[in-house]
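The values are calculated or read from the model by the stated rules, or taken from the named source; none is laboratory data. These figures come from a predicted structure and were not determined experimentally. Note that we place each Cβ from the backbone using ideal geometry, even for glycine, and neighbour counts take in every protein chain shown.
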There are 2 protein chains.
Amino acid sequence: MTPRKDLAERNDRALLQAARDVLAEDGAHASVAAIAARAGVGIGSLYRRYRTKEELFQRLSVLSLDHWNRAAEEGLADPDPWAGLAGFVRSCVEFGQGSLAPIAGTIEVTEEMSAKSRRGDELLRDLVRRAHEAGVLRPDVTAVDISLLIEQMGRSPLVDQLRKQARDDLLPAAFEARRRLIAIVLDGLRPGRPALPGSPPGEEMFTGRWAPDAAAGTSPA
Amino acid sequence: MTPRKDLAERNDRALLQAARDVLAEDGAHASVAAIAARAGVGIGSLYRRYRTKEELFQRLSVLSLDHWNRAAEEGLADPDPWAGLAGFVRSCVEFGQGSLAPIAGTIEVTEEMSAKSRRGDELLRDLVRRAHEAGVLRPDVTAVDISLLIEQMGRSPLVDQLRKQARDDLLPAAFEARRRLIAIVLDGLRPGRPALPGSPPGEEMFTGRWAPDAAAGTSPA
DNA sequence: CTATTGCGGAGCGAATCGCTCCGCAACTTG
DNA sequence: CAAGTTGCGGAGCGATTCGCTCCGCAATAG
């Protein structure tokens, strides 16, 4: 690995991480200038890698979906159906799944994104089905409920804001506080509780936002 | 009530509601132009009521804190400690407590805001204490955990985005989906579960964001 | 040594920002 | 009824920010 390639790869990674963080903090208003500055690189470095802001966001979406799918596969590989599902939820929430939600409807959904999203739905349905069969997940909760829950928990106002304010001193406590919230939510998914209100949500809770006309899937990206 | 006053009051209310919605959708980047447009009024109507954008946001904070405090008092007035707490949490989440979090640190915290926030903390501690004494709330959860939980749930990516995209057709289903998530979370607050991870969060989870130097309280506004 | 390559960031044209102020119409008052 | 009042919408101000292009330069590669 030459120093030139080493630096370029470090910048690759820094840009992607910065984009994710700034998106989480600023939502759809995230600017490329803010992203480059957060990554500690010049704006030219960003445009040497991505032709447009949209292409960068599409790349982030793909990476996010990859993480989702990997976490789901790992959850399915766990012999304990509850541990598999809980581990998946934790992993997704801590990764920040849902951080890209603000850009829903503002970027074109590529075929790659759609395919990965559909794959993610399928994996999540498998996780949910085997947890139901094992009797370790409340029977009235659906895969879409879980997707929505991950999206809801995946964007942490607490963490995002402390990051934005560069309050690194408070971040460890914030991560811990978030872990407690995740544990509360996971406990709420256990069986033995009065039925949830209303009827299960449909897929249009996601498709309605990302691509009203495409088979986009329900992974929140 | 004269037509002139009637219209002016309607515009008052429309502006406040629009400000809340646009803040929820756009975060700290919410523009006064977007707020006025959402309210269906001209920009002059906004500035006739609030001298600056900051004054508008301060007003929103006060109203939000008022809602929190009212909901807590109603919760305390309920003879059932669990129903009181659960009703409070539901009311706050559905009101959208936490929508103002993106402006933390960008506006000056007024004495009025501080006083109401401290009052809100006190009321919440009362709600939590009596639920603990009645054995209906898991013993390891604290008032700060609950504040953070309300903030986490209070901003709904689902609802905010459908609003932003003017997908009114999907909003009823979205509200219902949110109710299910709230129910899951409330179930997770019930006792009889393994202990939560880590130690309870401190007040700096809020004070660190809103006013690092003031006794600002922990209500999320 | 020369050639290559990726760097940071200045600056472009356009868009957006918070806010002021104008003309006007609806309402209120005498 | 007419004159005065008042709140309206929104044009446009000066400043800032946006996404993006392109330049000079320095580090690296061959």
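When A:L85 is tested against (1) assigned to a helix (DSSP H, G or I); (2) at pLDDT below 95, exactly one condition is not met: (2). Restricting B:A28, B:A33 to those that are without any contact (Cβ under 8 Å) to a residue 12 or more places away in the chain and either within 10 Å of DNA strand D (Cβ to nearest atom) or more than 15 Å from the chain's Cα centre (by Cα) (or both) reduces the list to B:A33. Among the residues making up segment B:114-146, those that are within 14 Å of chain A (Cβ to nearest Cβ) and farther than 18 Å from A:G188 by Cβ are B:A143, B:V144. For segment B:192-206, residues that are in contact (Cβ under 8 Å) with a residue 24 or more places away in the chain and under 24 Å from B:G120 (Cα atoms) total 6.
Here segment B:36-48 is the region considered, the condition is being in a loop (DSSP other than H, G, I, E, B) and touching a helix residue (DSSP H, G or I) at 6+ places or on another chain (Cβ under 8 Å), and the residue that is farthest from DNA strand D (Cβ to nearest atom) is B:G40. Filtering A:R51, A:R20 for residues that are more than 8 Å from DNA strand D (Cβ to nearest atom) and either more than 14 Å from every other protein chain (Cβ to nearest Cβ) or more than 16 Å from A:T106 (Cβ to Cβ) (or both) leaves a single hit, A:R20.
Out of the residues in segment B:48-61 meeting the condition of being out of contact with any Phe, Trp or Tyr (no Cβ under 6 Å at 6 or more places or on another chain) and in contact (Cβ under 8 Å) with a residue 12 or more places away in the chain, tell me which one is surrounded by the most Cβ atoms within 10 Å (Cβ to Cβ). Filtering segment B:48-61 for residues that are out of contact with any Phe, Trp or Tyr (no Cβ under 6 Å at 6 or more places or on another chain) and in contact (Cβ under 8 Å) with a residue 12 or more places away in the chain, the one surrounded by the most Cβ atoms within 10 Å (Cβ to Cβ) comes out as B:S61. Test A:G75 against the criterion of being away from DNA strand C (no atom under 12 Å from the Cβ), assigned to a helix (DSSP H, G or I), in contact with a helix residue (DSSP H, G or I) (Cβ under 6 Å, 6 or more places away or on another chain) and more than 30 Å from A:L162 (Cβ to Cβ), and give yes or no. No.
So is B:Q97 in a loop (DSSP other than H, G, I, E, B) and either at the interface with chain A (Cβ under 9 Å from one of its Cβ atoms) or touching a residue at least 60 places away in the same chain (Cβ under 8 Å) (or both) or not? For B:Q97, the condition - in a loop (DSSP other than H, G, I, E, B) and either at the interface with chain A (Cβ under 9 Å from one of its Cβ atoms) or touching a residue at least 60 places away in the same chain (Cβ under 8 Å) (or both) - is met. Just one of the numbered conditions (1) crowded, with 17+ Cβ neighbours inside 10 Å; (2) more than 19 Å from A:V185 (Cα to Cα); (3) assigned by TED's automatic domain parsing to the domain that holds A:I182 is not true of A:W82: (2).
The single residue among B:R4, B:R51, B:R13 that is within 13 Å of DNA strand C (Cβ to nearest atom), at pLDDT below 95 and in a helix (DSSP H, G or I) turns out to be B:R4.
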